[in-house]
1. Which condition number in (1) closer than 22 Å to V161 by Cα; (2) open to solvent by 40 Å² or more (accessible area, probe 1.4 Å); (3) modelled with pLDDT under 95; (4) of a type outside the set (S, T, N, Q) is the one that F226 fails?
2. Determine, yes or no, whether A243 is surrounded by 21 or more Cβ atoms within 10 Å (Cβ to Cβ) and of a type in the set (G, A, S).
3. Within the range 34-55, how many residues are of a type outside the set (D, E) and surrounded by fewer than 19 Cβ atoms within 10 Å (Cβ to Cβ)?
4. Step by step: first the residues of the range 6-19, then only those that are small (G, A, S) and in contact (Cβ under 8 Å) with a residue 40 or more places away in the chain, then the one that is surrounded by the fewest Cβ atoms within 10 Å (Cβ to Cβ). Which residue is that?
5. Can you name the condition, by its number, that E178 falls short on among (1) within 22 Å of L137 (Cβ to Cβ); (2) open to solvent by 30 Å² or more (accessible area, probe 1.4 Å)?
6. Which one is surrounded by the most Cβ atoms within 10 Å (Cβ to Cβ), of the residues in the range 187-210 that are among the charged types (D, E, K, R) and within 22 Å of the chain's Cα centre (by Cα)?
7. Give, as residue ranges, the helices (runs of 4 or more DSSP H) completely inside the range 143-214 that count at least 3 residues that are without any contact (Cβ under 8 Å) to a residue 60 or more places away in the chain.
Amino acid sequence: MTAFLRHFLSFLIDGSFLTGLSAYSLVRLTQSWLGIPVENAVAPLAFFGTVAGYNFIKYDALARMKGRSLNPRIKAIAFISFGFLVAAGMCFLRLRWAAQLTVLGFGALTVLYALPFFPNRQNARNWAGVKIYIVSLCWMGVTAVLPIVQARVPFDLAVGVLCLRRFLFVLVLVLIFEIIDLANDDPLLRTIPQWIGVKRTKQLGHALLILLMALNWTDFRTYPDFILNISIFLLTGFFLFFAHERRPRHYTLLWAESIPIIWWIADLLLGYFL
């Protein structure tokens, strides 16, 4: 049973399914905070599109190099990802036109991140110092801007603060990943830990979390919501504090990446019991 669970968790991680569920959870949190009715397009699109997009980024080069000699696990992930891409397309067709334009805009940014756009040039993922901001911006766009546009919520100060909070939260999560990946990243990437060191990266991340707590003070629905959000920021700070380049991949790909899922489930429970 333990071996089965280990293989199952590895499949969820390798197939980016937890990543997709994290995106789904953040969309549902946006809808919950703004009182947006739950519908069957935006959150599923975030899940299906994230899984398909991340797997394309991870396995495109490997698939082109090995072709049919890929191992069965990667072939299964590729098959599922293709199905998810079709499902994401069906969800896309159910969006209003402004939301579709939003998807196309942030989708183009994702393509720029994943693929070389000009001959003999690297993709944006390999541009020095840019990766973390593109990732945070794309996640903010899909999990905050998209549900807002789809629901026709007016863009005011509160909505702007929510989008800023989402950008900063994802930025801190990516800092954890960059610290863990420090030993394997190309030095030319100029990630933040490579640029300012692990200690200062953690200080930066904790400063951003303090800013998030301050922004949370200006915008929360109830006292339990406030406590939940602060608890999530403290949990994120915990993972950031204990991150280092010798941590196993499950530290980020399982536990740190599950923080948005935990946040959404806790928010659901608060709404149910209060």
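The values are calculated or read from the model by the stated rules, or taken from the named source; none is laboratory data. Since the structure is predicted, the reported quantities are computational estimates derived from the model, not experimental observations. Ideal geometry is used to build each Cβ from the backbone, glycine not excepted, and the neighbour counts take in all protein chains shown. Just the protein is used for accessible areas: all its heavy atoms, side chains included, with ligands, DNA and RNA removed. Shrake-Rupley method; radii C 1.70, N 1.55, O 1.52, S 1.80 Å.
1. Of everything listed in (1) closer than 22 Å to V161 by Cα; (2) open to solvent by 40 Å² or more (accessible area, probe 1.4 Å); (3) modelled with pLDDT under 95; (4) of a type outside the set (S, T, N, Q), F226 misses just condition (2).
2. Here the answer is yes, as A243 does meet what is asked.
3. So the answer is 7.
4. Among those that are small (G, A, S) and in contact (Cβ under 8 Å) with a residue 40 or more places away in the chain, it is G15.
5. All conditions are met except number (2).
6. K202
7. Per the criteria, 157-180, 192-196.
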